[in-house]
Amino acid sequence: MRIAVIGTGNIGGTLGGRWRTAGQDVVYGGRNPGGTGPGGAPVLAMADAVSSADVVLLAVPGKAVPEVAGALGGALDGKVVIDAANRMGEPEANSQATITAAAPGARYARAFNTLGWENFADPLPGTDLFFASDPQARGTVEELISALGLGPVYVGGADAVRAVDSLLGLWFALMQQNGGNRKLAFRLVR
């Protein structure tokens with residue numbers, strides 16, 4: 001599958017690099033196209049990156065999602081769009097409403113937003129990643145989570161986005177209680 005990673009920071013760069021190492025076709029979309037991004041993937045203009053992608057990961061600052069989603073709009077229709085951005089300090093941490101308004105035909109997923117990037121670069125053994133998604137996107141998101149060495153845990157569809165987001169606050173609280181250690185993760189014990 002072809003993955004367009006919008007953003008080359010810690011989250012986008014780490015995930016794109018790891019997926020590329022796992023054999024996925026990754027391109028980055030950025031404001032300054034040209035050259036290569038993390039893991040050696042090309043950096044294209046956002047619209048060019050998205051045009052041939054099956055999956056789009058939005059890994060930009062939360063406040064930038066409205067601008068990015070607005071600019072890409074209908075180009076996101078029919079694609080799995082993974083919202084990894086956190087709108088810190090806002091009533092909703094996710095950008096589900098913004099993304100689905102800009103691209104009603106996108107298959108929305110909420111994932112990669114509840115753990116620090118360090119956990120994607122080098123996962124602790126047995127780490128699970130909780131996510132919510134359009135049911136048609138579930139298999140794709142599970143495959144991408146598994147490619148990182150994490151266990152995918154499906155929380156539900158669009159109505160479960162807030163449940164996933166609640167783990168973000170828990171992760172931050174635990175990190176602070178553990179001296180700022182960002183190598184904290186979650187595991188579902190069955």
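Okay, residues lined up against (1) polar (S, T, N, Q); (2) in contact with a helix residue (DSSP H, G or I) (Cβ under 9 Å, 6 or more places away or on another chain); (3) within 19 Å of Val56 (Cβ to Cβ):
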site: Glu118; (1), (2), (3): no, yes, no
site: Pro123; (1), (2), (3): no, no, no
site: Asp134; (1), (2), (3): no, yes, yes
site: Arg138; (1), (2), (3): no, no, yes
site: Val153; (1), (2), (3): no, yes, no
site: Ala160; (1), (2), (3): no, no, no
site: Gly179; (1), (2), (3): no, no, no
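Screening Thr140 with (1) assigned to a helix (DSSP H, G or I); (2) under 21 Å from Gly9 (Cβ atoms); (3) touching an Asp or Glu at 6+ places or on another chain (Cβ under 8 Å); (4) of a type in the set (S, T, N, Q) gives one miss only, at (2). If we keep just the residues of the stretch 16-29 that are in contact with a Pro (Cβ under 8 Å, 6 or more places away or on another chain) and part of a strand (DSSP E or B), which is nearest to Ala59 (Cα to Cα)? This residue is Tyr28. Within the stretch 97-126, the set of residues being in a loop (DSSP other than H, G, I, E, B), over 15 Å from the mean Cα position of the chain (by Cα) and surrounded by 18 or more Cβ atoms within 10 Å (Cβ to Cβ) comprises Ala103, Pro123. Considered as a group, the residues in the stretch 50-80 that are surrounded by fewer than 16 Cβ atoms within 10 Å (Cβ to Cβ) and part of a loop (DSSP other than H, G, I, E, B) include one that is nearest to the chain's Cα centre (by Cα), and that residue is Pro61. Search the stretch 1-18 for residues being at pLDDT 95 or above and surrounded by fewer than 23 Cβ atoms within 10 Å (Cβ to Cβ), and hand back the single one that is nearest to Asp122 (Cα to Cα). If we take residues in the stretch 1-18 being at pLDDT 95 or above and surrounded by fewer than 23 Cβ atoms within 10 Å (Cβ to Cβ), then Arg18 is nearest to Asp122 (Cα to Cα). Taken together, Asn86, Asn94, Asn32 contain a single residue that is surrounded by 24 or more Cβ atoms within 10 Å (Cβ to Cβ), part of a loop (DSSP other than H, G, I, E, B) and polar (S, T, N, Q), which is Asn94. Spot the failing condition for Ala47; the list is (1) without any contact (Cβ under 8 Å) to a residue 24 or more places away in the chain; (2) exposed (fewer than 15 other Cβ atoms within 10 Å of the Cβ), and only one is missed. The one condition Ala47 does not meet is (1).
The values are calculated or read from the model by the stated rules, or taken from the named source; none is laboratory data. Please read all numbers here as calculations on a predicted model, not as lab measurements. Note that we place each Cβ from the backbone using ideal geometry, even for glycine, and neighbour counts take in every protein chain shown.
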